[in-house]
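Data block below; observations after.
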Amino acid sequence: MRVLIISDIHANISALNAVLEEAKDIDAAWCLGDLVGYGPDPNECIQSIQALPNLTCIIGNHDLAVLDQLDVDAFNPEARVSIRWTQRAVTPFSIEFLLQLPKTAQIDRVTLAHGSPRHPVWEYILDAATASMNFEFFKTPLCLIGHSHLPVVFTLLKNNKTVEQSVPTPNTEFIIPNRSILNPGSVGQPRDRDPRASYAIYDDAQNTWDYRRVNYDIQSVQDRMIEAGLPERHIQRLTAGW
Ligand code: ZN
């Protein structure tokens, strides 16, 4: 089964369309949260994601904030502006869809969590030390996360203590080591200084992770963000991939 892995789409339909066009033949799609927030296309992204085959989707902190289920004051002022804008823009259909998303999911050998298995909504796994504390919080061989917008693989070595951190090379495929926590990067707002949309294809039979980056029309998203009056910093950062 070829599974499309997407995370942190952040209401960027241009990036999501580029990913879906390139990924083509997929049997299932797993989405790791933050479908909305920052970008200008929340409803278009939700429409597109809910129509993906065999979808499993979990909720992210921005999705919860849009639903008023998280304190908006916990976000920085510019993120707050974008959350308020999104709250006005979302349709009842979009709200319905977000409302039924769970915080974590487990499918066969894989656990899904937006931030981390220990604290699914808020924790960032940015280093091996934080990753090592998280391995006891999921039982499956693999855990997929998003939230940091940074593509990375954390692997627990055979001694069950040391965690190795590696950043995969774009557009390469590798066999996933047991046990690992993997982040596919962000579709709609990459933060690793590579502005291309980031995603992965997981093949459960081969146990492979095909980590991919794809160009999309950044200018068109920025034009829609200007039109919507969304914060300047969020518009600019798409160009830099930060
Ligand atoms: Zn995010």
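The values are calculated or read from the model by the stated rules, or taken from the named source; none is laboratory data. This one's a predicted model, so the numbers in the text were calculated from it and none came from an experiment. Note that each Cβ is placed from the backbone with ideal geometry, even for glycine, and that neighbours are counted across all protein chains shown. Accessible surface is based on the protein model in full, side chains and every heavy atom, while ligands, DNA and RNA are left aside. Shrake-Rupley method; radii C 1.70, N 1.55, O 1.52, S 1.80 Å.
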Exercise. Kindly indicate whether TRP85 is of a type outside the set (Ser, Thr, Tyr) and either touching a Pro at 6+ places or on another chain (Cβ under 9 Å) or in a strand (DSSP E or B) (or both).
Key: yes
Quiz item: Considering only region 61-82, how many residues are away from the ligand (no atom under 16 Å from the Cβ) and of a type in the set (D, E, K, R)?
Solution: 3
Practice problem: Scan region 165-176 and give yes if some residue there is without any contact (Cβ under 8 Å) to a residue 40 or more places away in the chain, in a helix (DSSP H, G or I), of a type outside the set (Lys, Arg) and surrounded by 14 or more Cβ atoms within 10 Å (Cβ to Cβ), otherwise no. | Solution: no
Practice problem: For residues that are in contact (Cβ under 8 Å) with a residue 60 or more places away in the chain and either more than 16 Å from the ligand (Cβ to nearest atom) or farther than 26 Å from ARG237 by Cβ (or both), tally how many sit in region 31-60. | Solution: 0
Quiz item: Does region 83-91 include one or more residues that are modelled with pLDDT of 95 or more, within 15 Å of ILE9 (Cα to Cα), within 16 Å of the ligand (Cβ to nearest atom) and buried (at least 16 other Cβ atoms within 10 Å of the Cβ)?
Solution: yes
Exercise. Could you check, for region 177-199, whether at least one of its residues is touching a residue at least 12 places away in the same chain (Cβ under 8 Å), surrounded by fewer than 19 Cβ atoms within 10 Å (Cβ to Cβ) and of a type in the set (Gly, Ala, Ser)?
Key: no
Quiz item: Does GLN236 count as crowded, with 18+ Cβ neighbours inside 10 Å and part of a helix (DSSP H, G or I)?
Solution: no
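For region 95-102, does any single residue satisfy the condition of being touching a residue at least 12 places away in the same chain (Cβ under 8 Å) and among the acidic types (Asp, Glu)?
no
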Practice problem: Could you name every one of the helices (runs of 4 or more DSSP H) located completely within region 1-80 that has at least 2 residues being surrounded by fewer than 19 Cβ atoms within 10 Å (Cβ to Cβ) and among the aliphatic types (A, V, I, L, M)? | Solution: none
Practice problem: Within region 115-158, track down each residue that is more than 16 Å from the ligand (Cβ to nearest atom) and at pLDDT below 95. | Solution: LYS158
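When you go through ASP25, ASP8 one by one, which is the residue that is out of contact with any helix residue (DSSP H, G or I) (no Cβ under 7 Å at 6 or more places or on another chain) and within 22 Å of TRP85 (Cβ to Cβ)?
Numbers: ASP25 fails: within 22 Å of TRP85 (Cβ to Cβ).
From the options ASP25, ASP8, the qualifying one is ASP8.
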Quiz item: Out of all the residues in region 105-114, is one or more more than 16 Å from the ligand (Cβ to nearest atom), polar (S, T, N, Q) and open to solvent by 10 Å² or more (accessible area, probe 1.4 Å)?
Solution: yes
